[in-house]
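The values are calculated or read from the model by the stated rules, or taken from the named source; none is laboratory data. This one's a predicted model, so the numbers in the text were calculated from it and none came from an experiment. When we count neighbours, we look across all protein chains shown, and the Cβ atoms used for this are built from the backbone with ideal geometry, even at glycine.
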Amino acid sequence: MRIAPSTRAPADHDAGLVPMINVVFLLLVFFMVAGSVESPKPFPVLPPESSQQRESLASRVLYVGLDGALALDGEAMTDGSLAGALAAVEGESPLALQADAGITFSRLREVIDALRAAGVVEVELLTTSVPAAATP
Amino acid sequence: MAADVRLELPRRRRSLVSLTPLIDVVFILLLFFMLTTQFDRRQAMTLSVPVSGSAAVPAETESLVLALGSDGRVALDGEGSVELRTLGRQALVSEARTLGTPVVVVVVAEDEVDLQTFTRLMDTLAALGFVDVAVHGLR
């Protein structure tokens, strides 16, 4: 008994792609679930290191650069224009401050004063974890 | 019978939709998510901004005033300054920790103190177990 060699139909070449699609779908789901999409930073900011590892609850981020520049929602801000921008959206969630580790305390106080004038009650300072080698 | 028996497999039905465009789209999505996702967890430290007038301090609380200098040294209640890492070994601090009454730590920072130094002091105070920390100028 002879079995004729199977002659693959031209349309069948898609079948070889199925395992690859499976893998690509898995990767896609992984990146969608494990990561979080964030808008790019308006300027480079190096946040201070902290050992307090509470997760951030804030949804809006105010960037404070090393030179003291402010940016909210991708737009450059001044201390004066902050109030208007923050009053536009009423929200109960705290505001996160992504400030550079090198800014002075007086600049931090100015920003906090501006935020208080804008009616912000809760501010959290975003930090990074201390590198494992640096912990005493 | 010497005739060959031929086994014909049923011909696979030609699929209506080709997979190639699907893969194209999925690859584009994959690239988008790979390039835009960030994996670092955002961690934060609370800076309370109380509305003025609401900060009523209970009468029977002890307070401990710490002055943070721009060199990273801490002066306790106006006394001599110490390194941040030896803060927990100071008599005033350990005394305050063993007191029964709640202790309010008041931090007074110089203008030139950078944020990293300030954060380090807040970390140290949290590690020492002080819950109520008031920062002069922020409240």
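Whether any residue in the range B:9-16 is of a type in the set (K, R), in contact with an Asp or Glu (Cβ under 7 Å, 6 or more places away or on another chain) and either at pLDDT below 70 or part of a loop (DSSP other than H, G, I, E, B) (or both) is what I want to check. Looking through the range B:9-16, at least one residue is of a type in the set (K, R), in contact with an Asp or Glu (Cβ under 7 Å, 6 or more places away or on another chain) and either at pLDDT below 70 or part of a loop (DSSP other than H, G, I, E, B) (or both). Only strands (runs of 3 or more DSSP E) whose full extent lies in the range A:47-121 are considered here, and the ones with at least 1 residues that are at the interface with another protein chain (Cβ under 7 Å from one of its Cβ atoms) are A:95-99.
Just one of the listed residues (B:D24, B:D40, B:D71) is over 30 Å from the mean Cα position of the chain (by Cα) and either at pLDDT below 75 or more than 10 Å from chain A (Cβ to nearest Cβ) (or both), namely B:D24. If the condition is being away from chain A (no Cβ under 14 Å) and of a type in the set (K, R), then the range B:90-122 contributes only B:R97. B:V113 fulfils the conditions (1) surrounded by fewer than 15 Cβ atoms within 10 Å (Cβ to Cβ); (2) closer than 23 Å to A:E122 by Cα except for a single criterion, (1).
Across the range B:75-114, what is the total count of residues that are small (G, A, S) and either modelled with pLDDT of 75 or more or assigned to a loop (DSSP other than H, G, I, E, B) (or both)?
6
Residues checked against (1) in contact with a Ser or Thr (Cβ under 9 Å, 6 or more places away or on another chain); (2) at pLDDT 80 or above:
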site: A:D67; (1), (2): no, yes
site: A:S81; (1), (2): no, yes
site: A:G84; (1), (2): no, no
site: A:A88; (1), (2): no, no
site: A:P94; (1), (2): yes, no
site: A:I112; (1), (2): no, yes
site: A:V123; (1), (2): yes, yes
site: A:V130; (1), (2): yes, yes
site: A:T135; (1), (2): yes, no
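Looking across the range B:101-139, the residues that are more than 13 Å from A:S106 (Cβ to Cβ), more than 18 Å from the chain's Cα centre (by Cα) and not charged (D, E, K, R) come down to B:T101, B:P102, B:V103, B:V104, B:V105, B:V106, B:V107, B:A134.
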